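Trainee: My questions all concern the structure below.
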Amino acid sequence: VPAMDKQVLEAAAERTFQYQDSLPPLPVPALEDSLRKYLDAVKPFLNQEEYQRTEHIVKNFENGIGKELHQKLLERAKTRRNWLEDWWQNVVYLDLRISTQIYCNIGGPAPYIETYWPPKEGTQIERASVNIWHTLKYWDLLRTEKVAVDRSGNAVLDMNQYRKLFCTCKIPGVTRDSICNYFKTETEGECPSHLVVLCRGRVFTFDALHEGNMLNPPEISRQLTYIQKRCYSEPDGPGLAALTSEERTKWAKMREYLIDLDPKNLTLLEKIQQSLFVVCLDDASPYATPEDYSEIARLGLTGDPTVRWGDKSYNSIFFSNGTCSVFCDHAPFDAMALIVMLFHTERKISENEGKWKGSDKVRDIPWPEELVFTVDQKIKNGIEHAKESYYQKVSDVQLVSYAFTSFGKALIRKKKLHPDTFVQLALQLAYYKCHGRPGCCYETAMTRRFYHGRTETMRSCTVEAVEWCRSMLDPSATAYQRQQLMLRAFAKHNKMRKECETGKGFDRHLLGLLLIAQEQGLPVPELFVDPAFTTSGGGGNFVLSTSLTGYTKFNGSALPMVHHGYGFFYAVRDDRIVATCSAWKSCPETDAEVLCRTVFQSFQDMLQLTVTSQL
């Protein structure tokens, strides 16, 4: 996780995007290395005979078609600073035809309830105004390139994703979506400066600048109050935003129909697309405590679809009881860029005790304008269908978000253990306890030390992790044996993380080889049709989809990759570990509540091992 404390110091000397042109290109790993690592990763899921078969397939691939494909990949990499970038964008996000709002978006609750903003009715607009103002200040820092450059140790990290936090939106296409990004730094030129507000099925907009100066919280509050008063005293709007939760091709055709119906509709859609971000005034009042974020996490991710613009890169949700949440399209960026921004705004809000301490002067600014779409019965029916289909799908989501408060990063570090690996191994043990078998697991590693780098897969279910899990469930194993096996599993995971971050992972490489074959119209190589490929998680079949959301107070989540899987996301703080676990209710063998509690029990078991053997 990037060091954020030096933010202000470095900002003076460095510009946010100044190193973009000097970042190294994304490397292509050696073929034999990737295949060796792949074989090691599939081992926990195969018996002797299956493993030998897979080994044979991999050897054939390495000496045959794999060699050719690898050469072609190297050719591609010669002409691109990031050979993966456009492929990844398309294959993982833009080509999807399912509802991306449900299955791909990311979101999470804000931690303000723990400090200055406990749930309290009547605070929604005031808190929203303060929060929006601090977010606008961050936008201004980005525009003037005063956001500190992220680093990992001494390595400068790619900052490209920060350009997509604001003024960014996905546009549905009939076969493939696209992303529009209107953000510009001050040196690059004009940047849109208006906000869009969704409330009770209606859409409003107002400019965040007046005569070149940013609106202050009292002014923002005046705008939001005007919108809310109108929405509360007049009939609900059509809820057009619900269409963004529809399957992509359906939404694309509906959008084309909407534009044909009245060209003015296109102007209004563009207004939403270009906006800084979307402010969602949500009537729900989720229950939330510092130990239990479940309801607010669930509503943030799967709440009222008429007050979320699912395609927008940033939706800031404010609930009726003054709690808040964020909701984002995952295509333009990964969670870390978002978390760095949220961490910054959270610090500023806390420094001011959640209050606005500046001037209460409200200038004579134009009132918000409503974006009134021309809709007909077909559109209204489409919106109804989208809502029904949305609620039917999200009613199947089981999501819990709890804080484990016995210890956190401070104690784990004191034991000289890596906090992220600690949680990953606890999760492996918990899955093994709950399901009686190893669980193939995807953990996000970041490759941002390379030009436009995003992520690599760390496969946490290693041979070493499984051996340790078995020892934990074997009554005849001694504490010393268990501890030794645990340390081996830690070492393996830490080594993997380093490899992935330095461009030596293997999953993106294999994906590249598969895509080259597809582009050349060649048959799919046997390696990718081998059952071992899917059983071990390949092709998006990981049973555990996981990520560390950093060492801040922010924890977000996404839904599981597969029907019989889990989403497991966690933030490690000094004194606690906050975990969000999701599953599908319709799957009889998974239970997010049970898995989460079992992970917490595993934390205790692991700490016990370090005590028993005096680590």
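The values are calculated or read from the model by the stated rules, or taken from the named source; none is laboratory data. Since this is a predicted model, take the numbers as computed values, not measurements. Glycine gets a Cβ as well: all are built from the backbone with ideal geometry, and neighbour counts include every protein chain shown. Only protein heavy atoms, including side chains, enter the accessible area calculation; ligands, DNA and RNA are left aside. Shrake-Rupley method; radii C 1.70, N 1.55, O 1.52, S 1.80 Å.
Trainee: Taking the alpha-carbon centroid of each part, what is the distance from the range 298-375 to the range 526-559 in angstrom?
Mentor: 29
Trainee: While we're looking at this one, here's another question. Would you mind working out the magnitude of the charge dipole of the range 498-549 relative to its Cα centre, with +1 at each Lys and Arg C-beta and -1 at each Asp and Glu C-beta, to the nearest 20 Debye?
Mentor: Values: 3 positive and 6 negative charges, 30 e Å.
For this selection, approximately 140 debye.
Trainee: What distance in nm separates the simple spin-label points at Arg363 and Asp260, each placed 7 Å from Cα in the Cβ direction?
Mentor: 4.4
Trainee: Got a number for carbon plus sulfur as a percent of the chain's accessible area, 1.4 Å probe? Intermediate results must be reported in sequence, preceding the final value.
Mentor: On the way: 12390 of 24050 Å².
Of all accessible area on the chain, carbon and sulfur atoms account for 52 percent.
Trainee: Still on this structure: Rounded to whole Å and sorted largest first, what semi-axes of the equivalent ellipsoid does the C-alpha gyration tensor of the range 409-567 yield via the square root of 5 times each eigenvalue?
Mentor: Values: eigenvalues 166, 80, 45 Å².
Value: 29, 20, 15 Å, ordered largest first.
Trainee: Sticking with this one: With a 1.4 Å probe and all protein chains kept in place, how much accessible area does Ile106 have, in Å² rounded to the nearest 10?
Mentor: In the full protein context, Ile106 sits at about 20 Å².
Trainee: List the GluC sites (Glu not before Pro) in the range 303-374 that DSSP assigns to loop (not H, G, I, E or B) and whose Cβ has at most 10 other Cβ atoms within 10 Å. Which are they?
Mentor: Values: sites: Glu346, Glu351, Glu353, Glu369, Glu370; in loops: Glu353.
Of the GluC sites (Glu not before Pro), the ones in loops of the range 303-374 whose Cβ has at most 10 other Cβ atoms within 10 Å are Glu353.
Trainee: Which of the lysines could be linked to Lys253 by a straight reach, that is with a Cα gap under 20 Å, when you skip same-chain ones fewer than 8 residues away?
Mentor: By straight Cα distance, Lys253 reaches Lys170, Lys264, Lys271, Lys312, Lys378, Lys380, Lys387.
Trainee: Here is a follow-up. Which one of Ala335, Thr405, Cys324 is farthest out on the positive end of the charge dipole of the range 312-420, using unit charges on Cβ (Lys, Arg +1; Asp, Glu -1) and the Cα centre as origin?
Mentor: Positive-most Cα among the choices belongs to Thr405.
Trainee: Let me ask another. Pull up all non-local amide H partners of Ser152: gap of 5 or more, or a different chain, and H-to-H distance under 5 Å with H placed in the peptide plane.
Mentor: Here the answer is Leu157, since their amide H atoms fall under 5 Å of that of Ser152.
Trainee: Before rounding to the nearest 500, sum -39500 (n - 2.57) across all DSSP H runs of length at least 4 in the chain and divide by the residue total; then give [θ] at 222 nm in deg cm²/dmol.
Mentor: Only helices count here, giving -13500 deg cm²/dmol.
Trainee: DSSP loop GluC sites (Glu not before Pro) in the range 117-172 with at most 14 other Cβ atoms within 10 Å of their Cβ, which ones? Walk me through the numbers on the way to the answer.
Mentor: Working: sites: Glu121, Glu126, Glu145; in loops: Glu121, Glu145.
Passing both the DSSP loop test and the Cβ count: Glu121.
Trainee: Express the accessible area of the chain per residue in Å², computed with a 1.4 Å probe while the remaining protein chains stay in the model.
Mentor: Details: 24050 Å² over 615 residues.
So the chain comes to 39 Å² accessible per residue, rounded to a whole number.
Trainee: So how long is each side of the range 338-402 along the principal axes, counting just the alpha-carbon atoms, biggest first, in Å?
Mentor: 48, 44, 17
Trainee: A further question on this structure: May I have the convex hull volume per residue, in Å³, for the Cα set of the range 73-225? Working shown, then result.
Mentor: On the way: hull volume 31.1 nm³, N = 153.
Given the Cα convex hull of the range 73-225, per-residue volume reads 203 Å³.
Trainee: Given Cβ point charges of +1 (Lys, Arg) and -1 (Asp, Glu) and nothing else, what value in debye, to the nearest 20, does the dipole of the range 346-419 about its Cα centre take?
Mentor: 960
Trainee: Place +1 on the Cβ of every Lys and Arg and -1 on the Cβ of every Asp and Glu in the range 462-526, take the dipole about the Cα centre, and give the residue among Ser476, Val466, Leu514 whose Cα lies farthest towards its positive end.
Mentor: Ser476
Trainee: In addition: Aspartates and glutamates within cross-link reach of Lys357: Cα-Cα under 17 Å, excluding same-chain residues under 8 positions apart?
Mentor: Within the straight-line cut-off, Lys357 pairs with Glu126, Glu219, Glu346.
Trainee: Provide, in order from the shortest bin, the percent of all Cα-Cα pairs of the range 1-144 in each 10 Å bin, continuing until the bin that contains the maximum pair distance.
Mentor: The percentages, shortest bin first, are 8, 18, 23, 25, 15, 11, 2.
Trainee: Starting from a Cα-only point model with no solvent, please compute log10 I(q)/I(0) by Debye for the chain at q = 0.07, 0.09, 0.12 1/Å.
Mentor: Normalising to I(0) and taking log10 leaves -0.44, -0.74, -1.32.
Trainee: At a Förster radius of 35 Å, what calculated FRET efficiency corresponds to the Cβ-Cβ distance of Lys229 and Thr249, to the nearest 0.05? Don't skip to the end; give the middle numbers.
Mentor: Numbers: r = 39 Å, r/R0 = 1.10.
About 0.35, to the nearest 0.05.
Trainee: Something else: Apply the membrane-span-like helix rule to the chain: whole DSSP H runs, Cα extent along the own long axis of at least 15 Å, mean Kyte-Doolittle hydropathy at least -0.5. List the helices found.
Mentor: Details: long enough: 31-42 (17 Å, -0.30); 48-63 (23 Å, -1.88); 65-78 (20 Å, -0.90); 124-143 (28 Å, -0.42); 217-233 (24 Å, -0.95); 248-261 (19 Å, -0.78); 263-274 (17 Å, -0.68); 335-351 (24 Å, 0.64); 377-394 (25 Å, -1.39); 419-435 (24 Å, 0.12); 463-473 (16 Å, 0.47); 479-501 (33 Å, -1.24); 507-519 (18 Å, 0.52); 592-612 (30 Å, 0.52).
Helix filter hits for the chain: 31-42, 124-143, 335-351, 419-435, 463-473, 507-519, 592-612.
Trainee: A follow-up question, please. Sequence-distant or interchain residues sharing an amide H contact under 5 Å with Phe450, placed H: which?
Mentor: Residues meeting the criterion, in which the H sits 1.01 Å from N, are Asp158.
Trainee: Right, next: Write down Rg/Rh for the range 505-615, rounded to two decimals, with Rg from the C-alpha atoms and Rh from the Kirkwood relation over Cα pairs. Mind dumping the intermediate values first?
Mentor: Details: Rg = 18.4 Å, Rh = 16.8 Å.
Using Cα coordinates only, the ratio equals 1.10.
Trainee: Write down, largest first, the equivalent ellipsoid semi-axes of the range 192-334 in whole Å, where each equals the square root of 5 times an eigenvalue of the alpha-carbon gyration tensor.
Mentor: Working: eigenvalues 112, 86, 48 Å².
Three semi-axes, in Å: 24, 21, 16.
Trainee: Using the Cα gyration tensor of the range 228-267, with a ≥ b ≥ c the square roots of its eigenvalues, what is the shape: rounded (a/c below 1.5), prolate (a/b larger than b/c) or oblate (neither)?
Mentor: Taking the square roots of the gyration eigenvalues as a ≥ b ≥ c, the range 228-267 is oblate.
Trainee: Okay, next question. Computed over the Cα atoms of the range 405-455, what is the ratio Rg over Rh, Rh following Kirkwood? Kindly include the intermediate steps, with their values, before the conclusion.
Mentor: Values: Rg = 14.6 Å, Rh = 13.2 Å.
So for the range 405-455, dividing Rg by the Kirkwood Rh gives 1.11.
Trainee: Report, ordered by chain and residue number, the lysines lying within cross-link reach of Lys553, taken as a straight Cα distance under 19 Å and ignoring same-chain residues fewer than 8 apart.
Mentor: Answer for Lys553, where 19 Å is the Cα cut-off: Lys6, Lys348, Lys409, listed by chain and number.
Trainee: Here is a further query. Note the full-extension length gain between Ser395 and Leu74 as 0.36 nm times their separation in residues minus their Cα-Cα distance, in nm to one decimal. It would help to have the intermediate numbers written out before the result.
Mentor: Values: separation 321, 0.36 × 321 = 115.56 nm, distance 4.59 nm.
Separation in residues times 0.36 nm, less the Cα-Cα distance, equals 111.0 nm.
Trainee: Now a separate question. List the trypsin sites (Lys or Arg not before Pro) in the range 322-380 that DSSP assigns to loop (not H, G, I, E or B) and whose Cβ has at most 10 other Cβ atoms within 10 Å. Which are they?
Mentor: Sites meeting the loop and neighbour criteria: Lys357, Lys361.
Trainee: What residues have an amide H closer than 5 Å to that of Lys146, excluding those fewer than 5 places away on the same chain, when H is modeled at 1.01 Å from N in the peptide plane?
Mentor: Amide H neighbours of Lys146, under 5 Å, 5+ apart: Thr16.
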